[in-house]
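S.K.: This is the structure I want to talk about, given as structure tokens.
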Amino acid sequence: MAKVDLTLSNDEFYERYGHKKTVAFYTLGCKVNQYETEVMAELFKKAGYEVVDFNEKADVYVINTCTVTNRSDMKSRQEIRKARKKNPDALVVAVGCYVQVSPAEVFSLPEVDIAIGTKDKDKIVDLVEEFTQKSQKLSVVNNIMIQKEYEEFGVTAYTERTRAYIKIQDGCNQYCTYCIIPYARGPVRSREPEKVIEEVKRFADSEYKEIVLTGIHIASYGKDLKNIGLLDIIKMIHEIDGIKRIRLSSIEPTFLTEEFVKEIANLPKMCRHYHVSLQSGCDETLKRMGRRYTTKEYKSVIDRLREYIKDVAITTDVMVGFPGETEEEFLKTYKFVEEICFSKMHVFKYSRRKGTRAYNFPNQVANHVKEDRSKKLIELSNRCERKFMESFIGKTLEVLFEQTVKNMDSYVEGLTDNYLSVAVKGHIQLLRNKIFPVKIKEIKDNFLIGEIEGI
């Protein structure tokens, strides 16, 4: 139990304990979790807290959990225990997807003082104060499956970033057989367009150049609202002065119709990068996964993107070792992704997840087989990534610079709109958060190395 009175004002707290109230965060999982951590950090700052690194001693530790695999649950528990060890007198808060799916399990952990599901994160500071007053463990986990409206939960100020993530929707209605997320996040709820635009304008006023639209299933944006969809909100953002780039975090292949692709191809602020989740290049496997497309349909989507958008980067997720995946099925996947040659693949091994239909599927694949298949696809991904990078040597690309390069003295790195990492010699103070044309000279350590033109 926390040994300090967190209901005190910051001045009173400092007078009694000799330091400001402090809070530290650890975030597991997806970009949506990262976004929501930013919001919670801002709520604590407004309440007078100083945000410190998770490895430092803090009065409050917040672990934003993930539950996409059993390993994610284990990692969440590890970080919860680490927090308590760092400061036995601190208040430890577990929030997010793992809490939502396994509330009793999380609440039973002796290190946890407060457990909050995927709803009510906006009340986190009030719950911390309530705990301090009552000194009783608190659990706030609602039935997310009946949630019908988007919980407004936005950021007004980012720190140390040049790209701003904006959450535009929550929830998923897909129910793929391997995925627990619909049960953690509930049904699709879309953010009101006015709120999205307000947040984008705040970032534009703060001189952010790139907006990344994120959510649990952003292709579903607007399905629960009237007369608006993802393309509409993109066009509205496109009109905002100051924003130079709009990037989508991930999108379902079925959404990339010819009409949609033609429209976005004519929007100059749209980044030429689409993360189009595949999961498997075998129709039989896709069917068992509950995915809603065939490899033929997927291939037509990729061909469409490449036809209408020059030098487009297409990244994807591929799962190996799904229950029943035979060697023949894996070879179909291998040949399919080899033919497409993605600019980058995120390859991961299937992990059984209680609560999903696939957990009880027969013919579970041995771990050593998953490992072997994973290595083969990663090697293929590296080759295709290199080929994509080599195609830009000698070309000039627009780069949004972000930070210094680790282990490369005097180099600054940034991203192109088609998701290539570029490094140049220069000073971070002069380049950060600015877009410059860069002539690409060579490849080194997974970076395109170039020189800025015109300065």
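S.K.: Mind giving me the FRET efficiency for Leu331 and Asn143? R0 is 56 Å, r the Cβ-Cβ distance, nearest 0.05 is fine.
M.R.: Values: r = 44 Å, r/R0 = 0.78.
Efficiency for this residue pair is about 0.80.
S.K.: Per-residue counts of other Cβ atoms within 10 Å, averaged by peptide: what ranking do you get for 393-405, 28-40, highest first? The partial results should precede the final answer.
M.R.: Values: 393-405: 17.5, 28-40: 20.2.
Listed from highest to lowest mean packing, they are 28-40, 393-405.
S.K.: For a quick check of understanding: with a 1.4 angstrom probe and all protein chains in place, what accessible area in square angstrom does Asp232 have, to the nearest ten?
M.R.: Accessible area of Asp232: about 70 Å².
S.K.: Summarise the accessible area of the chain (1.4 Å probe, protein heavy atoms) by the percent that is carbon and sulfur.
M.R.: On the way: 9830 of 20750 Å².
Ligands and nucleic acids excluded, carbon and sulfur give 47 percent.
S.K.: What is the distance, in nm, between label points placed 7 Å from the Cα along the Cα-to-Cβ direction at Lys134 and at Glu192?
M.R.: Computed distance between label sites Lys134 and Glu192 equals 3.1 nm.
S.K.: Can I ask one more? When ligands, DNA and RNA are left out and all protein chains stay put, how many square angstrom of accessible area per residue does the stretch 40-149 have with a 1.4 Å probe?
M.R.: Details: 4780 Å² over 110 residues.
Accessible area per residue, the stretch 40-149: 43 Å².
S.K.: Along its three principal axes, how long is the stretch 73-112 when you only count alpha carbons? Whole Å, largest extent first please.
M.R.: Taking the Cα atoms of the stretch 73-112, the three principal extents are 27, 16, 14 Å.
S.K.: Sticking with this structure for a sec: Per residue, how big is the convex hull of the chain when only Cα atoms are used? Give it in Å³. Before the final figure, lay out the partial values.
M.R.: On the way: hull volume 72.1 nm³, N = 455.
Convex hull of Cα atoms, per residue: 159 Å³.
S.K.: Find the Cα radius of gyration of the stretch 398-455, compare it with 2.2 N^0.38 Å by division, and give the number to two decimals.
M.R.: On the way: Rg = 9.9 Å, N = 58, 2.2 N^0.38 = 10.3 Å.
Output field value: 0.96.
S.K.: Could you state the principal axis extents of the C-alpha atoms in the stretch 20-69, from the largest down, to the nearest angstrom?
M.R.: Principal-axis extents of the stretch 20-69 (Cα, largest first): 37, 20, 11 Å.
S.K.: Also, I was wondering about something else. Using only the Cα atoms of the stretch 54-196, what do you get for the radius of gyration and for Dmax, in Å?
M.R.: 15.9, 44
S.K.: Ranked from highest to lowest mean number of other Cβ atoms within 10 Å per residue, what is the order of the peptides 327-333, 360-366, 386-392? The partial results should precede the final answer.
M.R.: On the way: 327-333: 17.0, 360-366: 12.3, 386-392: 15.0.
So the order, starting with the most tightly packed, is 327-333, 386-392, 360-366.
S.K.: Probe radius 1.4 Å, ligands and nucleic acids left out: which of Lys223, Lys167 has the largest accessible area, and how do the rest follow?
M.R.: Details: Lys223 155, Lys167 5 Å².
Ranked list, largest accessible area first: Lys223, Lys167.
S.K.: Same structure, new question: About the Cα centre of the chain, what is the dipole size in debye to 20, counting +1 per Lys and Arg Cβ and -1 per Asp and Glu Cβ, all else neutral? Could you put the intermediate results ahead of the total?
M.R.: Numbers: 73 positive and 69 negative charges, 211 e Å.
Here the chain has a charge dipole of around 1020 debye.
S.K.: What's the long-distance tail for the stretch 195-284, i.e. % of Cα pairs beyond 19 Å?
M.R.: Numbers: 1670 of 4005 pairs.
Pairs farther apart than 19 Å: 42 percent.
S.K.: Shifting gears a bit: Using θ = phi - 60° and the Karplus relation 6.51 cos²θ - 1.76 cosθ + 1.60, list the HN-Hα couplings for the stretch 405-412 in order, rounded to whole Hz, with x at every Gly or Pro.
M.R.: In residue order, the calculated couplings are 8, 5, 6, 9, 4, 6, 9, 10 Hz.
S.K.: Amide H of Ala24: which non-local residues (sequence gap of 5 or more, or other chain) have their own amide H closer than 5 Å, using H built in the peptide plane?
M.R.: Amide H neighbours of Ala24, under 5 Å, 5+ apart: Val52, Val60, Tyr61, Val62.
S.K.: Additional query: Over the stretch 246-347, give the accessible area per residue in Å² for a 1.4 Å probe, as an integer. Intermediate values should be presented prior to the final figure.
M.R.: Working: 4130 Å² over 102 residues.
Accessible area per residue, the stretch 246-347: 41 Å².
S.K.: Pull out the extension gain between Lys123 and Ser300, defined as 0.36 nm times the separation in residues minus the alpha carbon to alpha carbon distance; nm, one decimal. Intermediate values should be presented prior to the final figure.
M.R.: Values: separation 177, 0.36 × 177 = 63.72 nm, distance 4.55 nm.
Full-extension gain reported as 59.2 nm.
S.K.: Another one. So between Leu267 and Lys406, what do we pick up on full extension, going 0.36 nm a residue minus the alpha carbon distance? Please report the intermediate quantities before stating the final value.
M.R.: Details: separation 139, 0.36 × 139 = 50.04 nm, distance 3.43 nm.
Taking 0.36 nm per residue and subtracting the Cα distance, the gain is 46.6 nm.
S.K.: Taking Rh as the Kirkwood radius, which is the inverse of the mean 1/r over Cα pairs, what is the Rg/Rh value for the stretch 172-243? Walk me through the numbers before you get to the answer.
M.R.: Working: Rg = 14.1 Å, Rh = 13.5 Å.
Ratio of gyration radius to Kirkwood radius: 1.04.
S.K.: Can you tell me the dipole magnitude for the stretch 295-418 around its Cα centre, using point charges on the Cβ only (Lys, Arg +1; Asp, Glu -1), in Debye to the nearest 20? Don't jump to the answer; show the numbers that get you there.
M.R.: Numbers: 22 positive and 21 negative charges, 109 e Å.
The calculation lands at about 520 debye.
S.K.: Could you go through the stretch 366-373 in sequence order and give the Karplus-derived ³J(HN,Hα) for each residue, using 6.51 cos²θ - 1.76 cosθ + 1.60 with θ = phi - 60°, rounded to whole Hz, and x for Gly and Pro?
M.R.: Calculated HN-Hα couplings, in order: 5, 4, 5, 6, 4, 4, 5, 5 Hz.
S.K.: Turning to a different aspect of this structure: Could you work out the helix-only [θ] at 222 nm for the chain, with each DSSP H run of four or more residues adding -39,500 (n - 2.57) and the total divided by the number of residues, to the nearest 500 deg cm²/dmol?
M.R.: Details: 15 runs with 160 residues, N = 455.
After summing the helix terms and dividing by residue count, I get -10500 deg cm²/dmol.
S.K.: Which of rounded, prolate or oblate describes the stretch 138-273 when judged by the alpha-carbon gyration tensor and an a/c cut-off of 1.5? Mind showing how you got there, number by number?
M.R.: Values: a/c = 1.93, a/b = 1.29, b/c = 1.50.
Oblate is the answer for the stretch 138-273, as a/c is 1.5 or above yet b/c matches or exceeds a/b.
S.K.: Suppose the chain between Lys244 and Lys226 were pulled fully straight at 0.36 nm per residue; how much longer would it get relative to their current alpha carbon spacing? Present the calculation step by step, with values, prior to reporting the outcome.
M.R.: Details: separation 18, 0.36 × 18 = 6.48 nm, distance 2.81 nm.
Full extension of this stretch gives 3.7 nm more.
S.K.: Starting with the highest mean, order 175-185, 103-113 by the number of other Cβ atoms within 10 Å, averaged over the residues of each peptide.
M.R.: Numbers: 175-185: 20.8, 103-113: 17.1.
By packing density, highest mean first, the sequence is 175-185, 103-113.
S.K.: Along the positive direction of the dipole of the stretch 350-455 (beta-carbon charges: Lys, Arg +1; Asp, Glu -1; about the Cα centre), which of Gly355, Ile452, Pro437 reaches farthest?
M.R.: Gly355
S.K.: Just how large is the dipole of the stretch 1-53 about the Cα centre, in debye to the nearest 20, putting +1 at every Lys and Arg Cβ and -1 at every Asp and Glu Cβ? Please list the in-between numbers first.
M.R.: On the way: 7 positive and 9 negative charges, 18 e Å.
For this selection, approximately 80 debye.
S.K.: In nm, to one decimal, how far is the Tyr359 label point from the Glu284 one, both placed 7 Å along Cα→Cβ?
M.R.: In this crude label model, Tyr359 to Glu284 measures out at 2.7 nm.
S.K.: Give me the Debye-computed log₁₀ of I(q)/I(0) at q = 0.10, 0.18 Å⁻¹ for the stretch 304-422, equal point scatterers on Cα only, no solvent, two decimals.
M.R.: Treating every Cα as an identical point scatterer, log10 I(q)/I(0) equals -0.44, -0.98.
S.K.: Pop a pseudo-label 7 angstrom from the Cα along the beta-carbon direction at both His368 and Glu453 and give the gap in nm to one decimal.
M.R.: Distance between the two pseudo-spin positions: 5.4 nm.
The values are calculated or read from the model by the stated rules, or taken from the named source; none is laboratory data. These numbers were taken from a predicted model, which means no experiment stands behind them. Methodologically, a virtual Cβ is constructed for each residue, glycine included, from the backbone with ideal geometry; neighbour enumeration extends over all protein chains shown. Each accessible area value is taken on the protein alone, full model and side chains, heavy atoms only, with ligands, DNA and RNA left out. Shrake-Rupley method; radii C 1.70, N 1.55, O 1.52, S 1.80 Å.
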